[in-house]
Amino acid sequence: MRDDRRRADRRRAARRRKAAARLALVRARIAVLQAVSPRRAARFALDLWCTPPDGAGRRRDDRAARGTLSTVTTGSGARVVVETWAPVAGDATHRDAPPSPDARTADGGAAGRDARSEAGVVYLAHGWGGWRGQLGAFVEPLRAAGYRVVAFDAPSHGDSGPGRLGPRRSTMPELADALAAVVSEHGAATAVVAHSLGTATTVLAVRDGLPVERLVLVAAITDVLGEVDGFADLLRLSQPTRGLLRGMLSDLAGRPLGELDVRETVRTHPVPPALVVHDRADKEVPYPVGAALAAAWPEGELLTTEGLGHHRLLRDPEVVRAVVDYVTPVREAAPAERDLARRTA
C-alpha cells in the first residue's frame, strides 16, 4: 500500500512538472506575440480558451448499461451524439399525466402506451472537456424512478462532431445550443442535471427560453468573466491583449459577455427551482461559489458534501440518491439546506 502511494505521488509530481513546462512555453510564446501584435496574441489565447481540456477524470465512464444512440444537428450545423434510456417498466408512479403528443421512446420512435407511466425526461449535461459517460451513475436510479434519461456530448466533446471552430474547439454558447437542440428533439425537460461549466451553459439555455421544471447544478461555475480574467492572469496577457480577447469572445458568443454570467441571469430572468450540489474540497470551483449561488437562487437549495472534490460528486451514491429525490415530484414540503458528511482517509 505504501509503495502504491509513492508511485501515485510520483505520477502526480510528474504531471505537475509537465504542466508547468507547458505553461512556461505558452507564456513565452504569448510574450513574443504581444511584442509583435497584441491581436495575434489574442487570437492565440482565444484558440487556447476554446480548446476543451482532456484527462482521465473527464473521460470516466460510469454507465451501467449502454442506451440507444442517435444524433441531433444544432442550428449551427454541429452533429451531436445523443444516448437515451427508457424508464424501467412499471416503476413510474410519480405522475398520472397523459403522454405529450410529441413524446418519444428511448429508441427515438413515437411514444406508445408506456408513455403514460413515464415520470418525465431528465437530461444530463456534462462540463467543459467532459462527456456523457461522466454522469452515467445517475442513469439507472433515474430510470428506476420512472424517468426517461437523455445524455449527450456537446460539439467537439466525446463522440460528437466538431464545433464551428473545428475539431477540439468549442464555445460555451455551443454547449447551450446543443442542449436546446436535444430537448427540442427528445421532449420537454422535467429536469436537467448539469456539471461544472455545463451548469452555466444550462442556465444560458434557460435564459434563452428553454423550459425546464427543475435544475440540479453540480459544482457550478457562475462567473464566466471572472474565469476569463483568471485565464488572462495565468497567461500574463497585457491589457491590450485582454481587451481584444474579450471582444473576440463576445463576437463568438453573439452577445455581451455579461449575459453569460449565471448570477446576472438569476437577477434578471425567471429561473426554475434548483438544487446546488457543491463540495467543500472542490479545487476547480471553490465551495463559496456554490453556496452563494444557492443563497441567491429563488427556490434554491444547497447540498454540501465533504471530501468528494469536483468529479467524485457525480458517482457518489448519496449524492445520486439526493438528486433523484429532488427531481422526483413527491418531496418534502419545505426545502432546507443539507449536508452530506464524508470521512476522508
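In region 210-238, the residues that are at positive phi and touching a residue at least 40 places away in the same chain (Cβ under 8 Å) reach residues that are of a type outside the set (Asp, Glu) and part of a strand (DSSP E or B) with C-beta atoms within less than 9 angstrom, at least six apart or across chains, in these pairs: Ala219/His195; Ala219/Val277; Ala219/His278.
The set of residues in region 196-206 that are under 8 Å from the mean Cα position of the chain (by Cα), closer than 20 Å to Gly75 by Cα and either among the β-branched types (Val, Ile, Thr) or part of a strand (DSSP E or B) (or both) comprises Thr201, Thr202. Tell me whether region 201-216 contains one or more residues that are among the acidic types (Asp, Glu) and more than 29 Å from Arg27 (Cα to Cα). Yes: one or more hits. Is it true that some residue in region 47-67 is of a type in the set (Lys, Arg), surrounded by 11 or more Cβ atoms within 10 Å (Cβ to Cβ), part of a helix (DSSP H, G or I) and at pLDDT below 95? Yes, there is a match, as at least one residue in region 47-67 is of a type in the set (Lys, Arg), surrounded by 11 or more Cβ atoms within 10 Å (Cβ to Cβ), part of a helix (DSSP H, G or I) and at pLDDT below 95. Within 20 Å of the chain's Cα centre (by Cα), at pLDDT 95 or above, in a strand (DSSP E or B) and buried (at least 24 other Cβ atoms within 10 Å of the Cβ): does that describe Val192? When the stated conditions are applied, Val192 passes them.
Checked against (1) modelled with pLDDT under 95; (2) open to solvent by 70 Å² or more (accessible area, probe 1.4 Å), His311 passes all but condition (2). For the residues Ala291, Ala345, Ala296, the requirement of being open to solvent by 10 Å² or more (accessible area, probe 1.4 Å) and at pLDDT below 95 singles out Ala345. The residue that is nearest to Leu135 (Cα to Cα), among those in region 207-253 that are in a loop (DSSP other than H, G, I, E, B) and touching a strand residue (DSSP E or B) at 6+ places or on another chain (Cβ under 9 Å), is Ala219. Spot the failing condition for Gly161; the list is (1) farther than 18 Å from Ser76 by Cα; (2) not in a helix (DSSP H, G or I); (3) not hydrophobic (A, V, I, L, M, F, W, C), and only one is missed. Result: Gly161 passes all but (1). For region 265-280, a tally of residues being surrounded by fewer than 16 Cβ atoms within 10 Å (Cβ to Cβ) and in a loop (DSSP other than H, G, I, E, B) returns 2. Quick one: is Leu175 touching a Ser or Thr at 6+ places or on another chain (Cβ under 6 Å), in a helix (DSSP H, G or I) and either open to solvent by 10 Å² or more (accessible area, probe 1.4 Å) or touching a residue at least 12 places away in the same chain (Cβ under 8 Å) (or both)? Yes, satisfied.
Being crowded, with 24+ Cβ neighbours inside 10 Å and aliphatic (A, V, I, L, M) is a property that does not hold for Leu225.
The values are calculated or read from the model by the stated rules, or taken from the named source; none is laboratory data. Here the structure is a predicted model, which is why all the values come from computation and not from measurement. Here Cβ is always computed from backbone atoms with ideal geometry, including for glycine, and neighbour counts include all displayed protein chains. The protein model used for the area step is the full one, side chains on, heavy atoms only, and it has no ligands, DNA or RNA in it. Shrake-Rupley method; radii C 1.70, N 1.55, O 1.52, S 1.80 Å.
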